[in-house]
Protein chains: 2
Amino acid sequence: MREFALIERLAERLASRRADTRLGIGDDAALIAPPPGQELAITTDTLIAGRHFPVDTVAFDIGYKALAVNLSDLAAMGAEPAWITIALAAPELAGDWCDALLDGALAAIGDHPVDIIGGDTTRGDLALTITAIGCLPAGRALRRSGAGLGDVIAVTGTLGDAAYGLECWSMRDRASEDQRFCIDRLARPQWRPGATLRGIANAAIDISDGLAADLGHILEASGVGARLDIDALPASAALRRACGTDSRRRLQWSGGDDYELCITLAEDQLDAARAALGCPLTVVGTIEAEPGLRAFDANGQPWGGDGERGWDHFGS
Amino acid sequence: MREFALIERLAERLASRRADTRLGIGDDAALIAPPPGQELAITTDTLIAGRHFPVDTVAFDIGYKALAVNLSDLAAMGAEPAWITIALAAPELAGDWCDALLDGALAAIGDHPVDIIGGDTTRGDLALTITAIGCLPAGRALRRSGAGLGDVIAVTGTLGDAAYGLECWSMRDRASEDQRFCIDRLARPQWRPGATLRGIANAAIDISDGLAADLGHILEASGVGARLDIDALPASAALRRACGTDSRRRLQWSGGDDYELCITLAEDQLDAARAALGCPLTVVGTIEAEPGLRAFDANGQPWGGDGERGWDHFGS
């Protein structure tokens, strides 16, 4: 499939869902008319085959994950997703493969009013760079810097599944049901509707690099520290059955790729947050004045997970 | 250099130039407050080492070109550039190399009020994906579909230099002064201030894939055809000295990477366009009703450049 043919195919499949999209794919640039009084949140993430997803990931899951990762960043900012551009490098562009990729991307978007307004395709090793643009009322963003003393720390969903799924990837053809569950969490992470937390949460981040690393960004930006209950970290039944306590704790503490939200909020806002999110939200710790991140087990004993600080794509 | 260290370094170097940039690099997403009554133009382009620039291009020129290519797309839409995100994949991130890349990016921006608001770095084969966002008054974009019967076709600057520069690349250490000029045009293309052409030009595109291919997009989108004077295509003195007539014509007709603008406009708007642009603007043909693109030489003889339709990154 030639480049221009691909762009035409995308344009054909992508009917606009938004009245404020003035022009989609097909000119030198797309045109949008942002709603008055709104700020726009803008994020960019690259996913490279063999680094951010296994090289033998199917096209649907690549498209799904690339979108979910970026929509999750917007959610962590408290923004409603609105517009997407997709830059795709691939060794070749078979029509079926492209359709499956787009099917996955659209599945991650779901029924949200989001338009894919721009694209670029080029020959190269498989990689996708997505730019996602979201809307939110001016001044209402959920910043990393908003955590305050007395806040509780809570996370959506469950942690550690995706990291365990990666461990199981190479044996996925003979995986148990529990392992398959975790592999699916890695392949098609569910981004959470963080926009519903505006006015409820004080700080937010999405967990891409592991809870310890990502919560660490909140602590640093807010100039505070935190105490975590390692045994309070939410685990799926599948992960509990599949892993011993030690390895499960480690996966939940530093495993990346779950794309759950980590938020801080006043304790009396927890019910409002749960009602807004429509997904489990578990309190895992509290904000403290002393800098740093400390973990304790259910018996109040220090837990030695420090030093494991999640992913760093250029780390050693 | 670790990923987070690089992002911190970028944030340190990138003081905001815009009051409507609410939050730059460092959170889950950047925040901007678009000016009321404006539309935003959004474009994304990926540059891959060995495909969009020679693998032995210096970091400054990589940064320069990646920005120029995207700013040129905004210009072709009639938008003023405002915000940029940079997604960088590289085998490693040496501090000096990153600084030089950023120097080049900032040089391409010049003194325009543009903020680099987001970034992503990951390990991989060298590639950059830039997303550029520009502003323009609602409804005033220069579209590819605006060409009408009676319009003249004009191009900025000169054509063919970059394509000839690519031919000379491998011998650049012993290049003549003329060849060096063309190599520099390839490495650091000058994007043109297309925003000044709003209300003057009827259609616009930037010449990335060659005049024939890119003008072809205008013709197709506008439902018209065109007649070109192959001998009217503007050539630099360097290209005229370095190449014979046949090869020069071919480079000007189908050579990519010049990033000049091709516009259509009423003939009586030419003076206004030249005053607005502040760069040479040469009439090269006229819009006609008959579909297709036809070239003639100065003697009125058909010129056989057809079949050469510029770059297609997935073509054979």
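From other protein chains only, count the Cβ atoms within 10 Å of every residue's Cβ in B:152-161, then give the mean.
Mean partner-chain Cβ count within 10 Å for B:152-161: 0.
How large is the convex hull of the C-alpha atoms of the range B:144-296 per residue, in Å³? Don't jump to the answer; show the numbers that get you there.
Numbers: hull volume 14.4 nm³, N = 153.
Measuring per residue, one finds 94 Å³ for the Cα hull of the range B:144-296.
Toward the positive end of the charge dipole of the protein assembly as shown, about the Cα centre and with charges on Cβ (Lys, Arg +1; Asp, Glu -1), which of A:I207, B:P36, A:Q269 goes farthest?
Towards the positive end, the residue furthest out is B:P36.
Which residue, B:D20, B:D214, B:D246, has the most motion in a Gaussian network model of chain B that connects Cα atoms within less than 10 Å?
B:D246
Calculate how many DSSP beta bridges within chain B are antiparallel, expressed in % of all such bridges and rounded to the nearest 5.
So the antiparallel bridges amount to about 75 percent of the total.
Relative to the other copies, what are the label-point distances for B:H112, with labels 7 Å from Cα along the C-beta vector, expressed in nm at one decimal and sorted shortest first?
2.9
How big is the antiparallel share of DSSP beta bridges in the protein assembly as shown, given as a percent to the nearest 5?
75
For chain A, set up a Gaussian network in which alpha carbons nearer than 10 Å are linked by springs, and say which option among A:L228, A:L239, A:L31 fluctuates the most.
A:L31
Taking the alpha-carbon centroid of each part, what is the distance from the range B:117-183 to the range A:108-169 in angstrom?
Each part's Cα centre sits 32 Å from the other's.
Divide by every residue of the protein assembly as shown the summed helix terms, -39500 (n - 2.57) for each DSSP H run of at least 4, and state the resulting mean residue ellipticity at 222 nm, rounded to the nearest 500 deg cm²/dmol. Could the numbers behind the result be given before it?
On the way: 18 runs with 198 residues, N = 632.
Helix contribution divided over all residues of the protein assembly as shown: -9500 deg cm²/dmol.
May I ask what percent, to the nearest 5, of DSSP beta bridges between residues of the range B:3-137 are antiparallel?
About 70 percent, rounded to the nearest 5.
What is the dipole size for the range B:3-137, taken about its Cα centre, with +1 at each Lys and Arg Cβ and -1 at each Asp and Glu Cβ, in debye to the nearest 20?
200
What does the copy distance list look like for B:P280, label position 7 Å along Cα→Cβ, in nm and ordered from shortest?
Computed spacing set for this position: 7.0 nm.
Want the number for A:E220 to A:D246: 0.36 nm per residue separation, take away the alpha-carbon distance, what's left?
Details: separation 26, 0.36 × 26 = 9.36 nm, distance 2.73 nm.
Length gained between A:E220 and A:D246: 6.6 nm.
Taking each label point as 7 Å beyond Cα in the direction of the beta carbon, state the distances from A:D125 to the same residue in the other copies, shortest first, in nm.
Result, one decimal in nm: 0.7.
Taking only the alpha carbons of the protein assembly as shown, what extent do you get along each of the three principal axes, in Å, biggest first?
93, 47, 43
What list of ³J(HN,Hα) couplings, whole Hz, do you get for the range A:237-252 from phi and the Karplus terms 6.51, -1.76, 1.60, once you set θ to phi - 60° and write x for glycine and proline?
In residue order, the calculated couplings are 4, 4, 5, 4, 6, 7, 10, x, 4, 4, 5, 4, 4, 5, 4, 6 Hz.
Stokes-Einstein D for the range B:10-78 at 10 °C, 1.306 mPa s, Kirkwood Rh over Cα pairs, in µm²/s?
109
About its Cα centre, what dipole magnitude does the range A:144-296 give when the only charges are +1 on Lys and Arg Cβ and -1 on Asp and Glu Cβ, stated in debye to the nearest 20?
It comes to approximately 360 debye.
Bear in mind these aren't lab numbers, they're just calculated from the coordinates by the rules spelled out. Owing to the predicted nature of the structure, the values given are computational and were not obtained by experimental measurement. For neighbour counting, all protein chains shown are included, and Cβ atoms are generated from backbone atoms with ideal geometry for every residue, glycine included.
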